[in-house]
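Notes for the one structure printed next.
The values are calculated or read from the model by the stated rules, or taken from the named source; none is laboratory data. This structure is a prediction, so every number in the text was calculated from the model and none was measured. So basically every Cβ, Gly included, is an ideal-geometry build from the backbone, and we count neighbours across all protein chains shown. With ligands, DNA and RNA removed, areas are computed over all heavy atoms of the protein, side chains included. Shrake-Rupley method; radii C 1.70, N 1.55, O 1.52, S 1.80 Å.
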Amino acid sequence: MNLRKLAAAAVLAIGGTMLAATPAHAANIASNPGFEDGLTGWTCTASSGATAVSSPVHGGSKALQATPQGSDTGRCQQTVPVKPSSSYSLSGWVRGAYVFLGVSGTGITEQSTWTSSPSAYAQLTRTFTTGASTNSVTIYVNSWYGQGAYQADDIVLDGPPGAGAPAVPTNVTGSSTPSTATLKWSASEGATGYNVYRDGTKVGSATTTTYTDVGAPAGSHVYQVTAVNAVGESAKSESVTLVVGNDTPQVPATPTGLTGTGNANSATLNWTAVSGATSYNVYRGTTKVGSATTTTFTETLPPGTYGYQVTAVNAAGESAKSTQVAVLVGGDTPPPVTPTGLTATVSGNAVTLKWNAASAATGYNVYRGTTKVASPATTTFTETLAGGTYAYQVSAVNSTGESAKSAPVTVTVGPGDPPSNRVLVGYLHASFANGSGYVRMADVPKEWDFINLSFGEPTTVTSGDIRFVRCPVAECPSVEPDADFIAAIKAKQAQGKKVLISIGGQNGQVQLTTTAARDKFVESVGAIIDKYGLDGLDVDFEGHSLYLNAGDTNLSAPTTPVIVNLISALKTLKAKYGSKFVLTMAPETFFVQLGYQFYGPGANGSADQRAGSYLPVIHAMRNDLTLLHVQDYNSGPITGLDNQYHTMGNADFHIAMTDMLLAGFPIAGNTNNVFPALRPEQVAIGLPAAQYAGNGYTSVAEVQKAFDCLAKGTNCGTYKPRGVYRGLRGLMTWSINWDKYNNFEFSRNHRAYLDALN
């Protein structure tokens, strides 16, 4: 939920002098740690403009400077050999608005940390342990989207050095025939395999010290060899030049492997690439119907059966025609029929559409006006809208194409009724103490409607075994006995308050990687709820608890185990406790609104796999979700629906972030993968209670300005939301303790404001 140690340190800084111990370092195994040799040993993203500068520096005469550009965070990294099952400490000095230091490839879990220190160098530190088969890790430093230049210096990786990449192969020799080139070389110490390069391009691999390049194009070619092992790849060997065939181009060979597929109105061909070919000609019957520079070709045709052949072409001429393949067009999957029976019902601000299943359909597209708003796989769809009149149509889709749109249906949505009461949600430090002080359950002020006990944490990251240990007397001298604590919970509930166990927080990372961990999570969370008589569960997973594996892009059908198992666990708890079970979530903007730009590792695998990773969990639980209160703090700049960056600490940031939840948005810009809007009564705005409770503190006036704009359509600033959300539920804060420390500024001002709205 919050950087509790950072907050405690802030209070200590206010009250007295902070003391810091300087750790003792062993040999630093990072290369060029102070950038004295420029960027030697480091690899930086192409558009970062990374360079070694002489000012400002932390130590020595040079430091790294890089600048994020667009979706490039300005990352610089290096891969370092390490020993398996060993402990390491990573540290570095950084300067900039938002600067991250981290390590990936540990074999256990990625570690990262960040700071905001634009005017002076600040030290970042992270410790980690390598996995049993980890031989190298990648350490990195980068900034955040939309930020200016940052600096980094004196990067230290403290721990036992590992074995390096293998030695460069030597004694490379070769011979050639008219169609092949054969290479031989001496074995490299530490190598488990070898890569062979022709004219700078990798053409093959070998586990022995010989390789034959079959089908090499005629002409003179430069060959080099590298050695590889688990750590990495050596530099390239000295080159050897071999002449294959002669220097006169030859007519290419006849293409092989020709296959064809047809659908309702087109034929698609594929074939095997021919060495030396620069293009291909496609023949239907005896007529040339097209050319291609790749090994695929598609054309649109009326139904029927067609015979195709392909030839290969280069400067020397055209090959003979390939074997013929027959393709049936219009005889496989028929196009889907237009859906019928479209109806719409309105409940509050929620519109629910239903229609009859369409023959041959594998999915449907839903249109509001002329805009496609969703692509459900079933025959129902629900979204929440501001007041107004809307027209809907539905089409059916399959691999052949899309049907015509259905007859339209028109609905009118009222302005929406606000809830009978707006709520204040607060987190109560129940398992630890910091500079804000301990608050007994009985002393929680009456202004709070939801009280989240912070925190239940796992015994290990992947165990799923959640434990809630109340603050010990030594740390919290005023802590009450369990019996008094439970009695006070019952008294709050008798007043209409909801008391939940919050799982996670900054230190409680939970990864349900297995079904065994999922089942243990359900069992242990249920035991906490039963022991204290709680109303439900708050999910406050942070850090590396949730992430998306490569290729996991379908919002409605996630495949990553930590996502799938969490959804299953939450559904099981909901089924166990029934309709009165309260479920809330408190993700950071990184895990929700950042999904508008980035979703998991992305198509090229270079993005952070945690980006937007809360979205499939929220979507799967939307019918059982009581409240979502995203943390609008401890956040970097986030792009809103206006495609502009928004920075925390002001009304526009809260309006833009909340509008995304209540209007819905395409994930990573894909209009076929849309996160649908939540109902206004499911959403509250998350804020720090005071300046020392977290980055992004927003004044009382700015918070109420944001709420006015969202719930009443008045007092809006630069950002204009997509609708007026009269049912917006309330406000959440970290934390009840920090609010008391700050003389109840948050609870008393905002309670009076929300009551006036009611």
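Give me a comma-separated list of calculated 3J(HN,Hα) values for region 272-288, in order, Karplus coefficients 6.51, -1.76, 1.60 applied at θ = phi - 60°, integers in Hz, x for any Gly or Pro.
7, 4, 10, 4, x, 7, 9, 6, 9, 10, 10, 10, 10, x, 9, 9, 6
So what is the calculated 222 nm ellipticity per residue for the chain, using -39500 (n - 2.57) for each DSSP H run with n of 4 or more, over all residues, to the nearest 500 deg cm²/dmol?
Numbers: 9 runs with 111 residues, N = 758.
Helix contribution divided over all residues of the chain: -4500 deg cm²/dmol.
Could you tell me the relative contact order of region 596-751? Use alpha-carbon pairs under 8 Å, at least six residues apart, and round to a whole percent.
Result for region 596-751 is 22 percent.
In this model, which of Lys705/Lys740; Lys531/Lys571; Lys372/Lys720; Lys236/Lys321; Lys497/Lys740; Lys405/Lys720 are farther than 30 Å apart at the alpha-carbon?
Among Lys705/Lys740; Lys531/Lys571; Lys372/Lys720; Lys236/Lys321; Lys497/Lys740; Lys405/Lys720, the Cα-Cα distance tops 30 Å for Lys236/Lys321; Lys405/Lys720.
Please report how far the C-alpha centroid of region 478-509 lies from that of region 31-80, rounded to the nearest whole angstrom.
Taking the Cα centre of region 31-80 as reference, the centre of region 478-509 is 48 Å away.
Give, in nm to one decimal, the length gained when the segment between Ser399 and Gln69 is fully stretched (0.36 nm per residue of separation minus the Cα-Cα distance).
Details: separation 330, 0.36 × 330 = 118.80 nm, distance 3.83 nm.
Fully extending the segment from Ser399 to Gln69 adds 115.0 nm.
Using a simple charge model, +1 on the beta-carbon of Lys and Arg, -1 on the beta-carbon of Asp and Glu, nothing else, what dipole does the chain show about its Cα centre, in debye to the nearest 20?
It comes to approximately 1340 debye.
Can you pull a Stokes-Einstein diffusion coefficient for the chain at 25 °C (0.890 mPa s), Rh from Kirkwood over Cα pairs, as a whole number of µm²/s?
82 µm²/s
Tell me whether region 651-758 comes out rounded, prolate or oblate; compute the Cα gyration tensor, take square roots of the eigenvalues as a ≥ b ≥ c, and use a/c under 1.5 as the rounded threshold.
It comes out prolate by the Cα gyration axes.
Going by Cα centres, region 721-739 and region 577-643 are how many Å apart?
16 Å
Can you tell which of Tyr692, Gly649, Gln682 lies farthest toward the positive end of the dipole of region 641-735, using +1 and -1 charges on the Cβ of basic and acidic side chains (Lys, Arg; Asp, Glu)?
Checking the options against the dipole of region 641-735, the answer is Gln682.
At 1.4 Å probe size, with no ligands or nucleic acids counted, give the accessible surface of Glu36 in Å², nearest ten.
80 Å²
If Asp708, Asp482, Asp659, Asp199 are ordered by their accessible area, calculated over protein heavy atoms with a 1.4 Å probe, which sequence runs from highest to lowest?
I get Asp199, Asp482, Asp708, Asp659, largest accessible area first.
Let's see if you can work this out: charge +1 on each Lys and Arg Cβ, -1 on each Asp and Glu Cβ, no other charges. What is the dipole magnitude of region 529-608 about its Cα centre, in debye to the nearest 20?
Roughly 400 debye for region 529-608.
Starting from the amide H of Phe455, placed 1.01 Å from N in the peptide plane, find each other amide H under 5 Å away whose residue is 5 or more places distant or on another chain.
Under 5 Å from the amide H of Phe455 lie the amide H atoms of Ala430, Ser431, each far enough along the sequence or on another chain.
How much net charge surrounds Val274 when only other residues with a Cβ under 15 Å from its Cβ are counted (Lys, Arg +1; Asp, Glu -1)?
With Lys, Arg at +1 and Asp, Glu at -1, the net is 0.
With the crude spin-label approximation of a point 7 Å out along Cα→Cβ, what separation in nm comes out for Gln506 versus Ala122?
Placing both labels 7 Å along Cα→Cβ, they lie 1.1 nm apart.
In degrees from 0 to 90, rounded to the nearest 10, what is the angle of the helix 4-15 Cα long axis to the longest principal axis of the chain?
Helix 4-15 and the main axis of the chain meet at about 50 degrees.
Would you please give the residues with an amide H less than 5 Å from that of Phe598, counting only those at least 5 places away or on a separate chain, with H modeled from the backbone geometry?
When sequence neighbours closer than 5 places are left aside, the close amide H contacts are Ala668.
Using a simple charge model, +1 on the beta-carbon of Lys and Arg, -1 on the beta-carbon of Asp and Glu, nothing else, what dipole does region 600-691 show about its Cα centre, in debye to the nearest 20? Could the numbers behind the result be given before it?
Values: 3 positive and 7 negative charges, 41 e Å.
Approximately 200 debye in magnitude.
Å³ per residue of the Cα convex hull, for region 69-177?
In region 69-177, the Cα hull volume divided by residue count equals 163 Å³.
To the nearest 10 degrees, how steeply does helix 651-663 sit against the main Cα axis of the chain, on a 0 to 90 scale?
70 degrees
Points 7 angstrom from Cα along the Cβ direction at Ala701 and Asp642: gap in nanometres?
Using points 7 Å along Cα→Cβ, the separation is 2.0 nm.
Read phi for every residue in region 603-620 and hand back ³J(HN,Hα) as whole Hz from Karplus 6.51 cos²θ - 1.76 cosθ + 1.60, θ = phi - 60°, with x for Gly and Pro.
Result, ordered by residue: 5, 9, x, 9, 7, 5, 5, 8, 4, x, 6, 6, 4, x, 6, 4, 5, 5 Hz.
What is region 26-95 by shape, rounded, prolate or oblate, if you read a ≥ b ≥ c off the alpha carbon gyration tensor as root eigenvalues and call it rounded for a/c under 1.5, prolate for a/b larger than b/c, and oblate otherwise?
The shape class here is oblate.
Label points 7 Å out from Cα along the Cβ direction at Lys184 and Thr718: separation in nm?
Going from the Lys184 label point to the Thr718 one covers 7.0 nm.
Give me, ordered by chain and number, the residues 5 or more places off Val373 or on other chains with an amide H under 5 Å from its own placed amide H.
Residues meeting the criterion, in which the H sits 1.01 Å from N, are Val366, Tyr367, Arg368.
Explain nothing, just the number: relative contact order of the chain, from Cα pairs under 8 Å at least 6 residues apart, as a whole percent.
Details: 1947 pairs, mean separation 63.4, N = 758.
Computed value for the chain: 8 percent relative contact order.
Say the dipole of region 173-294 comes from +1 at the beta carbon of Lys and Arg and -1 at that of Asp and Glu; which of Val244, Gly174, Ala264 then lies farthest toward its positive end?
Ala264
Could you tell me whether region 695-742 comes out rounded, prolate or oblate from its Cα gyration tensor? Rule is a ≥ b ≥ c as square roots of the eigenvalues, rounded for a/c under 1.5, then prolate if a/b exceeds b/c, otherwise oblate.
Note, shape of region 695-742 comes out prolate.
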